[in-house]
1. Take the conditions part of a helix (DSSP H, G or I) and either over 18 Å from T266 (Cβ atoms) or hydroxyl-bearing (S, T, Y) (or both) and apply them to R85. Does it pass?
2. Which one is surrounded by the fewest Cβ atoms within 10 Å (Cβ to Cβ) among residues in the range 119-133 that are part of a helix (DSSP H, G or I) and polar (S, T, N, Q)?
3. What number goes with the only condition from (1) under 15 Å from G108 (Cα atoms); (2) out of contact with any Lys or Arg (no Cβ under 7 Å at 6 or more places or on another chain) that S74 does not pass?
4. Limited to the range 49-74, what total is found for residues that are modelled with pLDDT of 95 or more, of a type in the set (A, V, I, L, M) and in a loop (DSSP other than H, G, I, E, B)?
5. From the list E77, E35, which residue is modelled with pLDDT of 95 or more, over 30 Å from V215 (Cβ atoms) and open to solvent by 10 Å² or more (accessible area, probe 1.4 Å)?
6. Please go through the range 142-155 and pick out each residue that is touching a helix residue (DSSP H, G or I) at 6+ places or on another chain (Cβ under 6 Å) and surrounded by fewer than 24 Cβ atoms within 10 Å (Cβ to Cβ).
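The values are calculated or read from the model by the stated rules, or taken from the named source; none is laboratory data. A quick note: this is a predicted structure, and the numbers were derived from the prediction, not measured. Note that we place each Cβ from the backbone using ideal geometry, even for glycine, and neighbour counts take in every protein chain shown. Side chains included, ligands, DNA and RNA excluded: accessible areas come from the protein's heavy atoms. Shrake-Rupley method; radii C 1.70, N 1.55, O 1.52, S 1.80 Å.
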Amino acid sequence: MHSNQHRGPRVTGLGNLPQRVDVYEVGPRDGLQNELRTLPTRDKARLIEALIAAGEKRIEVTSFVHPKWIPQLSDAEELMRLVGRREGVTFSALVPNLKGVERARAAGLQEAAVFISASEAHSRKNINKSIAEAVAAARETSEAALKAGMRVRGYLSTVWGCPYEGDVPVERVVEISRALYADGIYQLSLGDTIGVGTPRQTEAILSALLEHLPVEALALHLHDTRGTALANALVGLQMGVTTFDASIGGLGGCPYAPGAAGNLATEDLVYMLRGMGVDTGIHLDKLVEAGMVAQQLIGRKLAGKFLQAALGEREKAARRARP
């Protein structure tokens, strides 16, 4: 007979999970802006087409920042013309200032995203502004975008930690989040920019924010630098979060966060959710096809684990089928 007295606590279940989750695809913007090579506009459009074919409905396609800052995305208007409008699909883009709003409006964008850092040092490195200056600029940009008929989303980066300052106080995250929400954004995407987050920390951050903001106003944007992105996503899911940012194949990182690995891979997230009975409306097989397109265009293997497993199985099946 084995004694039970030395066994650890028994896991009693995951609680009530949401029936459906929105995946907010950031590969064409957050992914491609971190690639050394700049893709031709037609190739970006081809990737976006593959994502739509997989059932993705919310796709961040580009950025209306000054071309000198992110030359990889200097073709924003041309890309918007190529992809056009799609029934049931929302295209969004990063919009840093009033000039960006005007460009986005002229291009027919439906949704704009403003961005802030929760760390002073990262804010200075990223946009050469203090947090207070960045919040004021985001307010001005949000107001202009709302007047132009766009919905506005906010990104708050370095929530779990900063590459320059280390720990970021939760109180500061709450203060900035409340200010952004008061300025009219419909959703705030919380970024683990350098991928240092762990589940208990995620629980603490969300608990603090949920004292002040409704859960539907929060999304998680997780990087997988230390392999904890899915674990943190699961905590968010248990706490009622129903929007998760992800990037096809795990494309992306942060040019101002040294060593930051790619985003949580869309197909890894969708695989986990599907296995838990949570609907995303996204087809895994077609997502693999989109991942293959991304790899082909980038010219290297991507980090997404489900993608590599699926491609490995296809290769084995093809070898077995050869005479």
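1. It is false that R85 is part of a helix (DSSP H, G or I) and either over 18 Å from T266 (Cβ atoms) or hydroxyl-bearing (S, T, Y) (or both).
2. Of everything passing the filter in the range 119-133, N126 is surrounded by the fewest Cβ atoms within 10 Å (Cβ to Cβ).
3. Answer for S74: the failing condition is (1).
4. 1
5. Exactly one of E77, E35 is modelled with pLDDT of 95 or more, over 30 Å from V215 (Cβ atoms) and open to solvent by 10 Å² or more (accessible area, probe 1.4 Å), namely E77.
6. The answer is A144, A148.
Here's the yes/no breakdown for (1) at pLDDT 95 or above; (2) within 21 Å of the chain's Cα centre (by Cα):
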site: R81; (1), (2): yes, no
site: V89; (1), (2): yes, yes
site: S117; (1), (2): yes, yes
site: E120; (1), (2): yes, no
site: N128; (1), (2): no, no
